[in-house]
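Here the structure comes first, spelled out in structure tokens, and everything after it is commentary.
The values are calculated or read from the model by the stated rules, or taken from the named source; none is laboratory data. Source: prediction; values computed, not measured. For neighbour counting, all protein chains shown are included, and Cβ atoms are generated from backbone atoms with ideal geometry for every residue, glycine included. Please note that ligands, DNA and RNA were not included when accessible areas were found on the heavy atoms of the full protein model with its side chains. Shrake-Rupley method; radii C 1.70, N 1.55, O 1.52, S 1.80 Å.
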Amino acid sequence: MGYVKGLRCRECGREYPKEPINICEFCFGPLEVTYQYDEIRKVLSREVIASRPPNMWRYAELMPLDNGPTVGFDVGFTPLVRAHNLGKALGVSELYLKNDAVSHPTLSFKDRVVAVAVSKAREFGFDTVACASTGNLANAVAASAASAGMNSYIFIPSDLEQGKVIGTQVFGTHLVGVLGSYDDVNRLCTEIADRYRWAFVNINIRPFYAEGSKTFGYEIVEQMGWRVPKHIVVPMAGGSLITKIRKSFKEFQEIGLIEPESCGTRFYGAQAAGCSPIVTAVKNGTDLFKPVKPNTIAKSLAIGNPADGFYAIQAIKQSGGWAEEVTDDEIVEGIKLLAETEGVFTETAGGVTVGVTKKLIEQGRIPGDESIVISITGNGLKTQEALIGKVKEHQVIDSKLSSFEALLLEKGAEVW
Ligand SMILES: *Cc1c(COP(=O)(O)O)cnc(C)c1O
Ligand SMILES: [Zn+2]
């Protein structure tokens, strides 16, 4: 098993063998996994995929493992929900949510990338996995390392939400809070990765790790009945997910699972106004972004110097899409709008995506009569701080029927 050719530099095209490396030693460009698509085309059909269990490994031939997964067997195949109510609220006719708020086991799409990274780390013979994280990756790596019986070191900015901190520590990892932003954490981790023989999932294992995000896109295509949406809105932190969803659509075209002409999806990037280097570059029409110092409640997206920012900008531009940002207040509104219309509780990143979708529709950038997918990437139970004082207080009564009926009267409801 295994259809990986090797690694290739995205800038100069130099080829590298399958090793735990992420940067081209000649031009410092990022390395990307390459596949034998001609071989994959022979073995992977819609029927073969449909006959497999509902998890991300139904697309295993397009994942960068040589021996198949050893962790994360239940990750993926999250619901694609037809969002009639939210569609009505936004004035569009064909709206879907890809809902990784209910990803197994740690409630964000990071379970996908980590399932690949930890399986790959085992293939490479590492006994310790590590990461720099804005929160969700920390949860996913800690859980996956626990189930794999591996040692783990996890580095986060010291001011993350309690749900993300406890939701990491519970797995018995070595969690290190660093005074500073994610970008400071990442810089430190790059130094640590140079010195210790650990599998840093988003540093030396990054080319393999990032491929896991493609399954988010494969699933959308399959769940829409083997077609791509006309429009997709994707939250951006490091900018990897948006580029990998685009790659997933192109690969399905390349191996003949969908018609080439059906690949006209427009990609829209979403960020918080308090950390929007990629959005700013798209709006200014520049190829390069300016790093920023993040200040937003969307901590999972708070990367001021996005590793894949350049490629995210390219993906958005080439697809004919756009990028937009929302304020912290609009993020909270987005979270509540999604919850009240669709019964889905997303985290701050999802509030960003919903808020940006609303804006793009209002601006007329996304038309009302074509298919639209909103990417929901994480769960609201992890970022409850964002809603403290922003939802209605619940009412407290003593345990008497009369007290309850007094409350009903107060609400103007009928009392029987
Ligand atoms: C990490 C993360 C993202 C963004 O992923 P990138 O690939 O870094 O752009 C989006 N949503 C959530 C909830 C995340 O945790
Ligand atoms: Zn290079």
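Output the residues belonging to the range 374-416 that are open to solvent by less than 90 Å² (accessible area, probe 1.4 Å), in a helix (DSSP H, G or I) and under 21 Å from residue 338 (Cβ atoms).
380, 382, 383, 385, 386, 387
Conditions: (1) out of contact with any strand residue (DSSP E or B) (no Cβ under 7 Å at 6 or more places or on another chain); (2) within 15 Å of residue 212 (Cα to Cα); (3) more than 16 Å from ligand 1 (Cβ to nearest atom); (4) not hydroxyl-bearing (Ser, Thr, Tyr). Residue 113 meets all but one. Number of the miss?
(3)
In the range 300-328, what count of residues is obtained for those that are outside any helix (DSSP H, G or I), closer than 21 Å to residue 10 by Cβ and open to solvent by 10 Å² or more (accessible area, probe 1.4 Å)?
Looking only at that region, the number is 5.
Considering each residue of the range 27-66, count those that are part of a strand (DSSP E or B) and near ligand 2 (Cβ under 10 Å from one of its atoms), and give that number.
Count: 2.
Residues are listed down the side, and each one gets a yes or a no for (1) surrounded by fewer than 19 Cβ atoms within 10 Å (Cβ to Cβ); (2) of a type in the set (Val, Ile, Thr); (3) touching a residue at least 40 places away in the same chain (Cβ under 8 Å):
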residue: 95; (1), (2), (3): no, no, yes
residue: 141; (1), (2), (3): no, yes, yes
residue: 154; (1), (2), (3): no, yes, no
residue: 169; (1), (2), (3): yes, no, no
residue: 172; (1), (2), (3): yes, no, no
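Those residues that are open to solvent by 80 Å² or more (accessible area, probe 1.4 Å) and farther than 14 Å from residue 114 by Cα, I need them from the range 32-75; list them, please.
Of everything in the range 32-75, those that are open to solvent by 80 Å² or more (accessible area, probe 1.4 Å) and farther than 14 Å from residue 114 by Cα turn out to be 38, 41, 42, 46, 47, 51, 53, 54, 67.
Between a residue in the range 7-26 that is in contact (Cβ under 8 Å) with a residue 40 or more places away in the chain and more than 8 Å from ligand 2 (Cβ to nearest atom) and any residue that is part of a loop (DSSP other than H, G, I, E, B) and charged (D, E, K, R), which pairs come within a Cβ distance under 7 Å, given they are 6 or more apart or on different chains?
Taking only residues 6 or more apart or on different chains, the pairs are 7/18.
I'd like the full set of residues that are in a helix (DSSP H, G or I) and either farther than 11 Å from residue 154 by Cβ or polar (S, T, N, Q) (or both), limited to the range 181-202.
182, 183, 184, 186, 187, 188, 190, 191, 192, 193, 194, 195
So residue 239 fits all but one of (1) within 18 Å of residue 117 (Cβ to Cβ); (2) out of contact with any Asp or Glu (no Cβ under 6 Å at 6 or more places or on another chain); (3) away from ligand 2 (no atom under 16 Å from the Cβ); what number is the exception?
(2)
Please work out which residue is surrounded by the fewest Cβ atoms within 10 Å (Cβ to Cβ), limiting yourself to the range 280-299 and to residues that are among the hydroxyl-bearing types (Ser, Thr, Tyr) and over 18 Å from residue 357 (Cα atoms).
286
For the subset of the range 254-279 comprising residues that are open to solvent by less than 60 Å² (accessible area, probe 1.4 Å) and in a helix (DSSP H, G or I), which member is farthest from ligand 2 (Cβ to nearest atom)?
Of everything passing the filter in the range 254-279, 262 is farthest from ligand 2 (Cβ to nearest atom).
Considering the range 21-49 alone, what residues qualify as being more than 16 Å from ligand 1 (Cβ to nearest atom) and either touching a Pro at 6+ places or on another chain (Cβ under 9 Å) or modelled with pLDDT under 95 (or both)?
Once the filter is applied, which keeps residues that are more than 16 Å from ligand 1 (Cβ to nearest atom) and either touching a Pro at 6+ places or on another chain (Cβ under 9 Å) or modelled with pLDDT under 95 (or both), the range 21-49 yields 21, 23, 24, 31, 35.
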